[in-house]
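In what follows, a single structure is set out as structure tokens and then discussed.
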Amino acid sequence: MARQADWYFDYVSPYAYLQLESFDRLPADIEVRMKPVLFAGLLGAWDNMGPAEIPAKRRQTYRYSHWLAHKRGVPFKAPPRHPFNPLAVLRLSIALDSNIDAIRAIFRHIWGTGHDGQDPESLLPLAKSLGVDDLEARISDPLVKDQLRRNTEDAVARGVFGIPTFAIDDELFWGDDVTDMMLDYLENPALFKEGDLARLTELPIAAQRKESRL
């Protein structure tokens with residue numbers, strides 16, 4: 001019987017692209033349900049800042065994702081502007097039933113070959129290649145908009161705070177760099193119930209900073 005995993009993602013993240021390109025590492029019996037979400041919605045729900053909102057982190061994110069892609073032999077070219085508004089491509093994914101091949105094509109369009117992630121001149125040919133002739137009509141469908149909203153609300157309800165995130169059982173695995181730990185968990189579902197990994201789950205808080213936003 002296939003095991004299930006939900007993959008929460010937004011095209012705005014280069015790490016989501018890199019993780020998707022490594023899906024061939026997943027066990028054969030894992031069924032992945034693709035969940036497009038609005039990263040900005042997650043940030044708002046948790047009162048958090050995205051990497052691109054912190055100048056030094058923004059620069060390192062771009063450099064590291066570019067370096068890592070080439071280290072792995074994955075085609076990579078950052079889009080001409082970032083962050084971009086991902087609503088159109090997120091809704092396009094949902095209009096295409098969150099099909100993994102369509103999602104992969106969209107990611108490669110933006111992060112593999114460096115096309116703009118929101119400009120209609122970039123997205124219209126992409127949509128057409130995916131069998132969508134009237135992009136605006138498809139992404140304006142209220143059912144499509146509602147599904148994206150529900151996906152994002154569901155992610156927040158499950159505790160998802162960043163993208164990409166795998167949700168498996170009651171566990172969350174955030175980030176491309178956590179892929180190896182997730183694979184270990186899939187091999188040994190008792191991983192977090194043993195030794196220090198079990199203790200860390202309930203580690204007490206000794207000090208808390210006051211809430212603030214720069």
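The values are calculated or read from the model by the stated rules, or taken from the named source; none is laboratory data. What you are looking at is a predicted structure, and each value in this text was computed from that prediction instead of being measured. For neighbour counting, all protein chains shown are included, and Cβ atoms are generated from backbone atoms with ideal geometry for every residue, glycine included.
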Exercise. Can you pull out the residues in the stretch 60-84 that are part of a loop (DSSP other than H, G, I, E, B) and either without any contact (Cβ under 8 Å) to a residue 40 or more places away in the chain or touching a strand residue (DSSP E or B) at 6+ places or on another chain (Cβ under 8 Å) (or both)?
Worked result: GLY73, PRO75, LYS77, PRO79, PRO80, ARG81
For this session: Within the stretch 1-59, work out how many residues are at pLDDT 95 or above, of a type outside the set (A, V, I, L, M), in a strand (DSSP E or B) and in contact with a helix residue (DSSP H, G or I) (Cβ under 9 Å, 6 or more places away or on another chain).
Result: 6
Problem set entry | Which listed residue is more than 21 Å from ASP146 (Cβ to Cβ) and without any contact (Cβ under 8 Å) to a residue 24 or more places away in the chain, from GLU53, GLU31, GLU21 | GLU53
Exercise. Being basic (Lys, Arg), more than 18 Å from LEU18 (Cβ to Cβ) and assigned to a helix (DSSP H, G or I), is that true of even one residue in the stretch 85-108?
Worked result: yes
For this session: Name every residue in the stretch 125-151 that is under 30 Å from TRP67 (Cα atoms), assigned to a helix (DSSP H, G or I) and touching a Leu at 6+ places or on another chain (Cβ under 9 Å), in order of residue number.
Result: LEU126, ALA127
Seminar exercise, completed: Inside the stretch 185-199, the number of residues satisfying the requirement of being part of a helix (DSSP H, G or I) and surrounded by fewer than 11 Cβ atoms within 10 Å (Cβ to Cβ) is 5
Problem set entry | Number of the condition not met by LEU43 [criteria: (1) aliphatic (A, V, I, L, M); (2) surrounded by 14 or more Cβ atoms within 10 Å (Cβ to Cβ); (3) in contact (Cβ under 8 Å) with a residue 24 or more places away in the chain] | (3)
Seminar exercise, completed: The one condition GLY162 fails out of (1) at pLDDT 95 or above; (2) more than 22 Å from ARG91 (Cα to Cα); (3) in a loop (DSSP other than H, G, I, E, B) is (2)
For this session: Select from the stretch 159-176 the residues that are free of Cβ contacts under 8 Å to residues at least 60 places away in the same chain and more than 20 Å from ASP29 (Cα to Cα) and write down the one among them that is surrounded by the most Cβ atoms within 10 Å (Cβ to Cβ).
Result: TRP174
